[in-house]
Every structure is written in C-alpha cells, then in structure tokens.
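Report on one structure; see the data block that follows.
The values are calculated or read from the model by the stated rules, or taken from the named source; none is laboratory data. Bear in mind that the values here come from a model prediction, so they are computed numbers and not experimental data. Because the Cβ atoms are built from the backbone with ideal geometry, glycine has one as well, and the counts that use them run over all protein chains shown.
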Amino acid sequence: MISRTCTTTACYVSSRAFFRTTQFSPQSDIDLLPAPKRGLHRAHGTILRMSEIDRPLGTPLGSRPTRILFLGSGELGKEVTIELMRLGAWVCAADSYAGAPAQQVAHESRVLDMANADALQALFDEVRPDIIVPEVEAIATEVLTGAAAHGAQVVPSAEIAGICMDRERLRVLAHEELGLPTTPYRFAGSLDELREGAPAVGYPCVVKPVMSSSGHGQSIVRGTDAIDAAWTEAQEGRRAAGEGDVSRVIVEALAPLDYELTVLTVSSSAGIAACVPIGQRQESGDYRESWQPASTPGAVLDEAQRIARAAVEGLVAKAKASGETGWGVFGVELFVLTDGSVLFNEVSPRPHDTGMVTMASQRLSEFALHARAILGLPVTEGHVALAIPCDAVAASHAIVVAGDGEAVFGDVAQALAEPGTDLRIFAKPEVHGHRRMAVALAVGTDETDARAKAGRVADALTITVD
C-alpha cells in the first residue's frame, strides 16, 4: 500500500495533469507528443534516454518539469532535494515512514516498503520519474534495473547500485579487475568455508555479510574459537532482501589501521573530479566527526585521490556498458595504514555522511555537486574546490540523541554564539533508541580548533525527548 502526502493542492492537480500526458505509450503516441515532455526521445529510429542529451530544465509545476523520485528521504536526501529544486526540478520523496526529512521539503511524498518489488513498481508506474535517486540500500534492485531499461535515469546507475551494495562484487571489481590495493580477503558461503578462509587471511580478521550497512553483522575474529559466533552474527545482521537462506560473507585481514579517509568523487558530463580528502572519526561503524581538508601528508592525499578516481572510473565504465550515465557523487572510503600505505575499502554511490562537512568547507557542497551531476551539468576540478582560507579547516560533529519520542532543541542561541559555527537540524519526527538528529558545523584555524568548535556547538545544546 502506498500512502500519499502533498504540500499543495495545486501541486497535486498539476502533477496529475502531467501524468496523463507523459505515460509511456505506443509508438503512435510517442510520435505525436512534443519530445521535450518525455523521458524517451526518438532520433533516426533509435531510442535515446533523456540523460544522454542536453536536458532542458523547466519549472516544477509547468508542463515540462524534470521529474525526480527519491527512494529514501533522510537528511542527505533533504539537502539534495533543496539543491535540485534550486535548479527547477520537481521532486517526489519516498520512504518507509511519513514525515522523513526530504519529504518535508519535496513537492510530493509517498510511504511504502521499497524492498517490495510490487509496491516499488506501482510507485514507478504512478510517478513516471525521469530520474530515480536511491538514497538507501534496502531497495528491490531488479525493479531499478527494469526502470533503467525503460528509459529512466537511475542515479548513478542500476548497475552501480547493485555492485556497491554487494561487497563481493565491489571487491572483485576493485582488486581483481582494477588492481586497487586492499586488505587480504576471502569469501565464504558456509561456516566450513569461513573456517578455511579466516586462517588463510590471518588473525585478527573481520567478518562481514556481503550485504549489510552501518556495521550490521560485522565482528572481529581473533582466533578459531570465535569463527562460529562471527558466522552467526553475520547471518543475523545481513540485509535479508534477495539473499536466500544464507548470506555469503567476506573475511578480511584486520590491517594495522592508522586512520580512515573519505574522498568524495564526482562523475558528471564533464568527466570525473575528486574533492579534497576528508578525515573522520567513527564509533561502532557510524560517523561521528569529519573534517576537511584532512591533516595528511601530500603523498597520502595524492594516492587517496588516485585510488578514488580509479574506483569511480571503473564503476562508471560498468554503467556506460549497460547504457547508463553513472553520474553523481560517490563517497570512496579508504584505509591509511601505520606505514602510510593507502587501501581501498568501500564505495557509497551517493553523498556520504562524512561529506556533510562540505556545507562549511566547499563553495558547492556534496549535495549541490550531486544535484548538478545528475541533471547532466558539468562538474570540474574548479567546482569541487574548497571555499575556506588555505590555512583553515572545516569540521562537522554528528548530534546523536537517545530516548523515545519527539526531540526538542534548546539553548540554540547559546550554541551558535561563537563565530564560525552553524547547525543543521534534520527535523526527523521522532527518536527511537539512538538517532542522528542534527549536525554541528564549524570553521577553525586548524583541525583541532575546528573540531573543538563543532563539539562545543553540540555540547551547548539542551535536547529533550518526550
């Protein structure tokens, strides 16, 4: 069942009128309708996707809007929605619950189980999007693939979405096809295979489901006596959709990690551009702080950007081979070891949590870059440059709230009294357990100063949950 909310009656009436003129139709209808109104264009007997030509940008309530559907409507999607609307797009935001952050600013919203193939297909049939933007991983990927085959632009592509949510496919691409450095690893489809693979990579090692996110199902194995428990943890923490009765796992060596980096890398109609690497701090696999530029030797920064570019180039090549664009922002996650070597870890095919710092550090945030890229607009090295002084650093500090109920933010004026600070409240309806509800931003003279400033903003807030 799909439920609907709409910000204005006018929006709903205009949209329904547009639905009647933009349904995918027989050949005769395609020839009769003005080409710019459609997601598919015909030239010399060949169907061309709108994403492959110069897309005109209309107005959202006019007769020729660019129709964009978000699958997932969290705080990152909210920022991208705002940036897309600044460029004239019409946005519908879907999520599993009502009132999600992006839904609050979109033209229309829907609530559904996006892992349900029938429900997702019904949503596509109703909304008829030109562009589909997956913001979560629990999606019926076969429906995404079908939408791409019928002319919708999936961001960055249906092929890339499938690769990035599967650690096995991603690791094979990165290491075995592209030759990028990674930790030693093995894959296992049974407990017996895991018992063989763990000693092969060496102890201590990390066991992860090939399909999971936010650290779910991961565990550290320090000896043979912990292998069985790690297998159980992986099975219980896996993403169940489409995996069958047993999830395959990856077991990889626990490298002598010094720190982690994120390199936001943009694929656009102008090619590939890499942002300045971002430093980060995590707790239990979740982002807590980030800063840009990372305080890292120049050789490490260069190698990090090289690996990030190569990874995204490889993914985009896969997208183009399947007839898709591969446009958008990628969050490439890297390990820096104690000896200074840089290893590829994973890729998020969308704006990254740690990239929220770009709202303070770059002239165009990761969200603005994502919006430009997916609309077919060029993003070059000049577009991804820092906007802060060359000797300054920007930082972000996630504000995680515990409790059960609505969150109310107090002492905001006191929290933002210090110059060079800012705050983004995500406006999530409720907290259940622990939930990231806001982010503090700051610019300082160096990493220590910027992080301390952002931390003071977070600490000064009084947050009540009732």
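Would the stretch 370-388 turn up any residue that is in contact with a Lys or Arg (Cβ under 6 Å, 6 or more places away or on another chain), outside the structural domain of Val210 (by TED's automatic domain parsing) and of a type outside the set (Val, Ile, Thr)? Yes, the conditions are met somewhere in the stretch 370-388. The strands (runs of 3 or more DSSP E) found entirely in the stretch 145-253 that carry 3 or more residues being surrounded by 18 or more Cβ atoms within 10 Å (Cβ to Cβ) are 185-188, 205-209, 249-253.
If you go through the stretch 254-265 and keep only what is in a strand (DSSP E or B) and not acidic (Asp, Glu), you end up with Leu257, Tyr259, Leu261, Thr262, Val263, Leu264, Thr265.
Checking the stated criteria, Asp118 turns out to be modelled with pLDDT of 95 or more, among the acidic types (Asp, Glu), surrounded by fewer than 18 Cβ atoms within 10 Å (Cβ to Cβ) and not assigned by TED's automatic domain parsing to the domain that holds Trp327. Considering (1) surrounded by 19 or more Cβ atoms within 10 Å (Cβ to Cβ); (2) aliphatic (A, V, I, L, M); (3) out of contact with any Asp or Glu (no Cβ under 7 Å at 6 or more places or on another chain), the lone condition that Val336 does not fulfil carries the number (3).
I'd like to check something: does the stretch 73-87 contain any residue that is outside any helix (DSSP H, G or I), out of contact with any Lys or Arg (no Cβ under 7 Å at 6 or more places or on another chain) and crowded, with 24+ Cβ neighbours inside 10 Å? The answer is yes, given that some residue of the stretch 73-87 is outside any helix (DSSP H, G or I), out of contact with any Lys or Arg (no Cβ under 7 Å at 6 or more places or on another chain) and crowded, with 24+ Cβ neighbours inside 10 Å. The strands (runs of 3 or more DSSP E) found wholly in the stretch 366-466 and carrying at least 1 residues that are hydroxyl-bearing (Ser, Thr, Tyr) and surrounded by fewer than 16 Cβ atoms within 10 Å (Cβ to Cβ) occupy 462-465.
Comparison of Pro429, Pro389, Pro419 shows that the only residue that is over 21 Å from the mean Cα position of the chain (by Cα), free of Cβ contacts under 8 Å to residues at least 12 places away in the same chain and more than 23 Å from Leu301 (Cβ to Cβ) is Pro419.
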